[in-house]
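Q: Here you go, one structure.
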Amino acid sequence: MNPDLDALKPYPFEKLATLKAGVTPPAQLAHIPLTIGEPQHAPFAGALATLHAHQLDFARYPATAGIPELRGAIAAWARRRFRLDGLDPERQVLPVNGTREAIFAFVQAALDRSRPARVAVPNPFYQIYEGATLLAGGQPHYLDCRAESGFRPDFDAVPAEVWREVQILFLCSPGNPTGAVTPRAEFQKLIALADEFDFIIASDECYSELYLDEDAPPPGLLEACAAMGRHDYRRCLVFHSLSKRSNLPGLRSGFVAGDAELIAPFKRYRTYHGCAMSLPLQHASITAWNDEAHVRANRDAYREKFAAVTEILAPVLEFPAPEASFYLWPAVPGGDDEAFTRELFAAEHVSVLPGSYMGRPATGDGRGRADGRGDNPGAGRIRLALVAELEPTVEAAGRIRRFIERRA
């Protein structure tokens, strides 16, 4: 077997299961999980109806590039949403089976292991960035996201000798788990860095449509490019998904868009990879990308939920004011995120994710992170995924508050 498999860390939910092993929660309380970022709101009915109408297309092989109608719908949506002057559906758009699959595959296709192959990732982070890097023979470089930098990486702290070895910079905006949003000016600063040091910016924007202020949608990387007159989106790719936007995580539908010089070889890789999206899913995706009413209703539901939950938890937990995504990132009283998680489950039958499971400490020589600090930036916090419907989520928040007040 590939020896790089041995470098993979246990997945956060595997570690969580071990942490909870042997704990018997109160049987009279129903379990409420706030752990996995899997939307529980009703999936977009229009997409499901289209999927049913095209079920006979399962009898046909799909093409890697997807049908022109899907690429056109994606390009039209992206132009509207991010105020792009143009996005060529033939050369600058590629449908994919969700962002997870595409992010992993892109790193395998893009990383050149014949030279220093660093991949810079936010820390804490979505585990696929790290796993994809390790299996492609690269070295993750962790960029801490701490309170003092607005829970975004401090890019100014990265020395030039590190940037020279970076081949891919991963961004996640809105962030998982912090919910922080990258400003347009910061995107543009990073584009200039990519030009200077010749690396690719891969922006994971799968939470871009879940924002709390209807008048302030999060900016995107391609939007920042367009504002600079860079309509070729050179060195820039974005990853988008219907999972969160349309409550369709099982559809496994998304897209990659940006630099045509990156899309073309990635498409060639995917032709061999054999991961084309089935035709019924493509037609369902067209329906979803063409409809905004269900997305606005989804945001309204999350706003109501965030308002209720933050009102309950603000008196007992400190957390950054949520901007977007569906997570809260609170610091736990006492600072031990694992103990808090285990004791909360034992007392209230509520599951949360320790923040330390999503982050990494510095490597031994201090070169694994920009600042060389040895502590894990996720430690002392928990991630709350507010994905269930309003009633159970509010119930969970009430149990967490009760647990903290009894524990004090």
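Q: Could you order His52, His141 by accessible surface area, starting with the largest, using a probe radius of 1.4 Å?
A: His52, His141
Q: With a 1.4 Å probe and all protein chains left in place, how much accessible area per residue does the chain have, in Å²?
A: Working: 16330 Å² over 408 residues.
Accessible area per residue: 40 Å².
Q: Taking 0.36 nm per residue of sequence separation and subtracting the Cα-Cα distance, how much length would be gained by fully extending the chain between Ala7 and Ser114, in nm to one decimal?
A: Result for the pair: 36.6 nm of gain on full extension.
Q: Enter the accessible area of Thr178 (Å², nearest 10), with the probe set to 1.4 Å and all protein chains included.
A: It works out to around 20 Å².
Q: Place a point 7 Å from the Cα of His31 along the Cα-to-Cβ direction; which residues of region 391-408 have their backbone N under 17 Å from it?
A: Backbone N within reach: 392-393, 396.
Q: Mind giving me the FRET efficiency for Ala307 and Ala21? R0 is 56 Å, r the Cβ-Cβ distance, nearest 0.05 is fine.
A: It comes out at approximately 0.95.
Q: Hey, another quick one. Just need the Rg to Rh number for region 266-362, please, alpha carbons only, Kirkwood Rh. Write out the running numbers ahead of the final one.
A: On the way: Rg = 20.0 Å, Rh = 17.7 Å.
Here the Rg-to-Rh quotient is 1.13.
Q: How long are the three semi-axes of the equivalent ellipsoid for region 74-161, computed from the Cα gyration tensor as the root of 5 times each eigenvalue, in whole Å, largest first?
A: 27, 20, 13
Q: Starting from the 7 Å offset along Cα-to-Cβ, what nm value, one decimal, do you get for the label separation of Arg79 and Asp198?
A: 3.4
Q: Please give the contour-minus-distance gain from Arg407 to Glu90: 0.36 nm per residue of separation, less the Cα-Cα distance, rounded to one decimal in nm.
A: 108.3 nm
Q: Now a separate question. What part of the accessible area of the chain, given as a whole %, is carbon or sulfur when the probe is 1.4 angstrom?
A: It is 53 percent, rounded to a whole number.
Q: Ranking request for peptides 249-256, 105-112: highest mean number of other beta-carbon atoms within 10 Å first, then the rest in descending order. Intermediate results must be reported in sequence, preceding the final value.
A: Details: 249-256: 22.6, 105-112: 19.6.
The most tightly packed comes first, giving 249-256, 105-112.
Q: Would you mind working out the magnitude of the charge dipole of the chain relative to its Cα centre, with +1 at each Lys and Arg C-beta and -1 at each Asp and Glu C-beta, to the nearest 20 Debye?
A: Values: 44 positive and 51 negative charges, 118 e Å.
Once rounded to the nearest 20, the dipole reads 560 debye.
Q: What's the local net charge at Asp291, with K and R +1, D and E -1, over the other residues with C-beta under 14 Å away? Don't jump to the answer; show the numbers that get you there.
A: On the way: positive: Arg80, Arg81, Arg245, Arg296, Arg299; negative: Glu209, Glu292.
Spelling it out: positives minus negatives among the neighbours equals +3.
Q: Still on this structure: Answer with a single label: of (i) 152; (ii) 258; (iii) 131, which was calculated as volume of the Cα convex hull per residue in Å³ from the structure in view?
A: (i)
The values are calculated or read from the model by the stated rules, or taken from the named source; none is laboratory data. Remember, it's a predicted structure, so these values are computed and weren't measured experimentally. Glycine also receives a Cβ, built like all others from the backbone with ideal geometry; neighbour counts cover every protein chain displayed. The protein model used for the area step is the full one, side chains on, heavy atoms only, and it has no ligands, DNA or RNA in it. Shrake-Rupley method; radii C 1.70, N 1.55, O 1.52, S 1.80 Å.
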